[in-house]
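Some notes on the structure that comes next.
The values are calculated or read from the model by the stated rules, or taken from the named source; none is laboratory data. These numbers come from a predicted model, not from an experiment. As a convention, Cβ positions derive from the backbone with ideal geometry for all residues, glycine included, and neighbour counts pool all protein chains shown.
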Amino acid sequence: MSTRKGEFITLDDVIREVGRDAVRFFLLMRKPDAHLEFDLELAKKESSENPVYYVQYLHARCVSLLREAEQRGIPFISADKANLSLLKEPEEHRLMAKISLFGDEVKYTACFYQPHRIPLYLMELAGIFHNYYHHHRILSEDMELSQARLVLINCVKTVVANGLNLLGISAPKKM
């Protein structure tokens with residue numbers, strides 16, 4: 001929008017251009033007192049540069065891993081039956097620590113009227129997860145380790161789905 005030139009784009013135009021999810025995410029990730037710059041080109045990108053794509057891709061990847069495990073015949077077991085002591089990698093510990101903070105983020109978001117906390121939290125979680133995914137095999141020949149990692153993946157998926165739901169943004173199963 002340029003007030004000097006008398007040019008503007010309506011919100012309806014932006015939604016048609018990039019989609020409802022991207023608009024919501026981009027608007028919600030800004031602090032209320034921060035200047036808003038909406039980068040249409042960034043919002044259209046289907047890459048890790050686009051924050052909403054990055055977070056939604058995290059959810060889709062988790063769903064895909066759980067689906068692939070099922071296809072490989074790796075049974076999903078509950079957290080109380082999995083040997084979670086096998087999750088020893090630093091990236092696994094970072095993931096567990098981050099997902100354990102989700103309830104606090106929701107509480108602080110509500111108490112201090114700071115909706116930007118949820119998108120920022122989800123972007124940080126996505127960064128931790130994608131780093132983990134690129135350095136470790138989730139599904140391996142070690143059934144017990146795979147099952148423990150699948151429990152972790154399912155927890156990440158649940159947190160991301162809940163976070164996106166709070167924002168009114170879809171959690172796609174495929175991308």
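Scanning the range 65-97 for residues being of a type in the set (Gly, Ala, Ser) and surrounded by 15 or more Cβ atoms within 10 Å (Cβ to Cβ) gives a total of 2.
Among the conditions (1) more than 22 Å from the chain's Cα centre (by Cα); (2) modelled with pLDDT of 95 or more; (3) farther than 20 Å from HIS135 by Cα; (4) not polar (S, T, N, Q), the only one that ASP33 does not satisfy is (2). Residues in the range 98-113 that are surrounded by 10 or more Cβ atoms within 10 Å (Cβ to Cβ), in a helix (DSSP H, G or I) and hydrophobic (A, V, I, L, M, F, W, C): 4 in all. For the range 8-44, taking the residues that are touching a helix residue (DSSP H, G or I) at 6+ places or on another chain (Cβ under 7 Å) and outside any helix (DSSP H, G or I), the one that is surrounded by the fewest Cβ atoms within 10 Å (Cβ to Cβ) is identified as PHE38. A single member of SER140, SER170 is free of Cβ contacts under 8 Å to residues at least 40 places away in the same chain, farther than 18 Å from SER78 by Cβ, polar (S, T, N, Q) and outside any helix (DSSP H, G or I), and it is SER140. Of the residues screened, GLU91 is one that is touching a His at 6+ places or on another chain (Cβ under 9 Å) and among the acidic types (Asp, Glu).
Evaluate the following for GLU17: is it under 17 Å from ILE169 (Cα atoms), acidic (Asp, Glu) and free of Cβ contacts under 8 Å to residues at least 40 places away in the same chain? Considered against the rule, which asks whether it is under 17 Å from ILE169 (Cα atoms), acidic (Asp, Glu) and free of Cβ contacts under 8 Å to residues at least 40 places away in the same chain, GLU17 comes out as yes.
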